[in-house]
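Report on the following structure.
The values are calculated or read from the model by the stated rules, or taken from the named source; none is laboratory data. Because the structure is a prediction, the values reported are computed rather than measured. Here the Cβ positions follow ideal geometry from the backbone for every residue, glycine too, while neighbour counts run over all protein chains shown.
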Amino acid sequence: MTRSLMINSRPWHKRAAFCFAFIAAILLVQAADAQTRDIGVHGVLLDRIAAVVNDGLVLKSELDAQIEAVTKRLREQKVELPPENVLKEQVLERLIVQEIEVQRAKHIGLTISDEQLNGALQEIAVRNKIPFDQLPTALAAQGVDYKAYRESMRKELTLSTLRQRDVIAHINVSPHELEQYLERQSSEASNDEFNVSHILLSLPAAATPQQIEEITRKAKNLSERATKGEDFGQLAIANSNSQTALDGGQLGWRKGSQLPQFILELVTKMKPGEVSEPVRTPSGFHIVKLNERRNGQAQVIINQIHVRHILLKPNELDDDETVRQKLSKLRDRILKGEDFAGIASATSEDPGSAPDGGDLGWAGPGTFVPEFDKAIADLKVNEISQPFKTRYGWHIVQMLGTRTYDSTDDVRKQHAFAAIRESKADEETELWLHRLRDEAFVEIKM
């Protein structure tokens, strides 16, 4: 077991919809199902086509269900609805882009396993203080079908993974950018957190001077209207080309260092409630509103442990009991004076730590999988555990030391690349989606 496999990684899907807008998210799926008819029994049209997307379709039932869900959410948020035709156009465009993404995922063979899906659902249950085995019951109490909910979540995870693969993984971070990031992170603005909304008016790939002039004029007009007090969320819903349009343009809370640089430069000079002038980037014109600002936390103090281990894995010849006995014998040899590091280098099946004598280094809370943490929780310094099993095999572990550690600098460095990528992600994702959309065959049927 490599050390990377042992790390109990945090899930990468951070969308607010996973926190417990989770009931509303699935209702649109059920609404779509409710609109279908049994053609064999009733002899009526099963559904209508809203759009042809390459070799796939967006159905009218999907469009109607999404419009209903978005309308309900906006009314609950007391956001004024745009004209019906504008809302319909925005929702249909989102469904078209999602269909293009789904087709892209299928083309490259990207799938979400049941294990990954169950892990995401377990997180949702934990966040909402619901035992995992009671999640279907909790959903049913809200009128939500668990099977449909699982498939909706699988789609969300697929799209998130696709964007991670096609966009985030290809964002380059130079040493100079890393150095600048660390310098900015020490400043007040980078540690502060900003609640931001924005409107994007995208430019065509080969925009004519006339198109640029028209969009520039529209951007200035929207900025002026928002500055004079018109509801920013409603303006975003009716006009923005961003994937956040139907969320009222909300980007949510972001650390300063995680915002695109042009947005950070704007909001650090703005007061809550202010709206920026339009700013042009490669993806188009952006109008930014600062909703709130708050101080971030700068210092991180954690308790760390230093351990080393030997890993053996069951196989066709050695079952669990045989492996456990082998580790017991290795433990006895070490207790009689043999060198732990030497035995680990020669026998451990963890290629990541075996060359270092099984040393896993200093580690903070949540570094290892739960069953590993539980087995070593009460070890004293220099004590060696009895053999125990995790999902990766059987281990014996020696506790080498403990310490209280100011990990502020380490955390900043560890998160530097991820944060830089995130600061670029919105812009790069919009450009990527526009490319996919431009390359697709789309025929609107409504």
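This table checks each residue for (1) at pLDDT 85 or above; (2) under 20 Å from LEU436 (Cβ atoms); (3) outside any loop (DSSP other than H, G, I, E, B); (4) outside the structural domain of VAL97 (by TED's automatic domain parsing).
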position: ALA148; (1), (2), (3), (4): yes, no, yes, no
position: SER160; (1), (2), (3), (4): yes, yes, yes, no
position: GLN180; (1), (2), (3), (4): no, no, yes, yes
position: ARG184; (1), (2), (3), (4): no, no, yes, yes
position: ASN195; (1), (2), (3), (4): yes, no, yes, yes
position: LEU200; (1), (2), (3), (4): yes, yes, yes, yes
position: GLU214; (1), (2), (3), (4): yes, no, yes, yes
Inset, instruction - Output the number of residues of the range 216-259 satisfying the condition of being hydroxyl-bearing (Ser, Thr, Tyr), surrounded by 22 or more Cβ atoms within 10 Å (Cβ to Cβ) and part of a loop (DSSP other than H, G, I, E, B). - result: 2
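Does LYS155 satisfy the criteria of being loosely packed, with under 14 Cβ neighbours inside 10 Å and either at pLDDT 90 or above or not in a helix (DSSP H, G or I) (or both)? So that I can check it myself, show each step before the final result.
Values: loosely packed, with under 14 Cβ neighbours inside 10 Å: no; either at pLDDT 90 or above or not in a helix (DSSP H, G or I) (or both): yes.
Considered against the rule, which asks whether it is loosely packed, with under 14 Cβ neighbours inside 10 Å and either at pLDDT 90 or above or not in a helix (DSSP H, G or I) (or both), LYS155 comes out as no.
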Inset, instruction - Test each condition in (1) touching a Gly at 6+ places or on another chain (Cβ under 7 Å); (2) closer than 29 Å to ASP410 by Cα; (3) of a type outside the set (Lys, Arg) for GLY361 and report the one that comes out false. - result: (1)
